[in-house]
Amino acid sequence: MCGICGKLSDNYLCTKCRNELFNEAIFGQENYEDKYFENHYYLFKYNGLIREKILDYKFNEKPYLFRTFINFFEFYEKNYFHFNFYDIIMPVPISKKRWNLRGYNQSKLIAVKLSKILNIKLVNNVLIKSINNQPQSTLNFERKRKKC
């Protein structure tokens, strides 16, 4: 079933929705000098259909949506070169409270699959979530910027 429109699909993403996502995709990278990391790669801006599906994925008990996101990523193999510079994939941890509410770590589901696809080592025991922060989805842009 397509994770976007709900129609039957063997690949968790129908052709119509894949094309719609491709039209929204940016395939961008940002570089940082004042953070704990040098850069990050992203496929989409956090708005519209993607924002809606990410919020569903995280907060509406839809862990299966990771397959839809992964399917989109796998379909565009030409973007794999962005990951040639990375030694590890590290999922962002969630608090125990959030784990108990949700039952899964949305970042880890995606990271495990990406690690296999890209043949990049998954490191899951380095970052520790010690504070149960307010969900980023409830913060405005300025408050999110201050937290970074």
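The values are calculated or read from the model by the stated rules, or taken from the named source; none is laboratory data. All of these numbers come straight from a predicted model, not from anything done at the bench. So basically every Cβ, Gly included, is an ideal-geometry build from the backbone, and we count neighbours across all protein chains shown.
Does any residue in region 86-112 that is without any contact (Cβ under 8 Å) to a residue 40 or more places away in the chain come within less than 6 Å, Cβ to Cβ, of a residue that is part of a helix (DSSP H, G or I) six or more places away or on a different chain, and which pairs are these?
So the pair list comes out as Ile89/Ala111; Ile89/Leu114; Ile89/Ser115; Pro91/Ser107; Pro91/Lys108; Pro91/Ala111; Val92/Ser107.
Criterion first (of a type outside the set (Asp, Glu) and surrounded by 11 or more Cβ atoms within 10 Å (Cβ to Cβ)) does Tyr41 satisfy it? Before the answer, list the steps.
Numbers: of a type outside the set (Asp, Glu): yes; surrounded by 11 or more Cβ atoms within 10 Å (Cβ to Cβ): yes.
Yes, satisfied.
Within region 63-85, restricting attention to residues that are among the charged types (D, E, K, R) and touching a residue at least 24 places away in the same chain (Cβ under 8 Å), which residue is nearest to Gln29 (Cα to Cα)? Steps first, please.
Going residue by residue through region 63-85, those that are among the charged types (D, E, K, R) are 67, 74, 77-78.
Of the ones still in play, those that are also touching a residue at least 24 places away in the same chain (Cβ under 8 Å) are 67, 74.
Details: Arg67: 23, Glu74: 18 Å.
Among them, the one singled out is Glu74.
Inspect all residues belonging to region 48-62 and state whether any of them is part of a helix (DSSP H, G or I), modelled with pLDDT of 90 or more and closer than 21 Å to Lys116 by Cβ.
yes
May I ask you to verify whether Asn11 is touching a residue at least 40 places away in the same chain (Cβ under 8 Å) and in a loop (DSSP other than H, G, I, E, B)?
Numbers: touching a residue at least 40 places away in the same chain (Cβ under 8 Å): yes; in a loop (DSSP other than H, G, I, E, B): yes.
When the stated conditions are applied, Asn11 passes them.
Between a residue in region 50-62 that is closer than 16 Å to Cys2 by Cα and any residue that is surrounded by 13 or more Cβ atoms within 10 Å (Cβ to Cβ) and acidic (Asp, Glu), which pairs come within a Cβ distance under 8 Å, given they are 6 or more apart or on different chains?
Ile50/Glu24; Lys62/Asp56
I'd like the full set of residues that are part of a loop (DSSP other than H, G, I, E, B), under 20 Å from Ile54 (Cα atoms) and either at pLDDT below 85 or more than 15 Å from the chain's Cα centre (by Cα) (or both), limited to region 70-115.
Taking region 70-115 and keeping what is part of a loop (DSSP other than H, G, I, E, B), we get 76, 86-87, 90-95, 103-105.
So of that shortlist, the ones also under 20 Å from Ile54 (Cα atoms) come out as 76, 90-95, 103-105.
Scanning region 70-115 gives Tyr76, Ser95, Gly103.
Considering (1) out of contact with any Phe, Trp or Tyr (no Cβ under 9 Å at 6 or more places or on another chain); (2) touching a residue at least 24 places away in the same chain (Cβ under 8 Å); (3) not β-branched (Val, Ile, Thr), say which one Gln29 fails and leave the rest.
(1)
Listed here are the residues, each with its yes/no results for (1) on the phi < 0 side of the Ramachandran plot; (2) in contact with a Cys (Cβ under 6 Å, 6 or more places away or on another chain).
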residue: Cys2; (1), (2): yes, yes
residue: Tyr41; (1), (2): yes, no
residue: Gly48; (1), (2): no, no
residue: Ile88; (1), (2): yes, no
residue: Asn100; (1), (2): yes, no
residue: Ser107; (1), (2): yes, no
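If you go through region 116-136, how many residues are in a helix (DSSP H, G or I) and within 17 Å of Asp87 (Cβ to Cβ)? It would help to see each step written out before you state the result.
Step one: filter region 116-136 for residues in a helix (DSSP H, G or I), giving 116-118, 136.
Imposing the further condition that a residue be within 17 Å of Asp87 (Cβ to Cβ) reduces the set to 116-118.
Selection size over region 116-136: 3.
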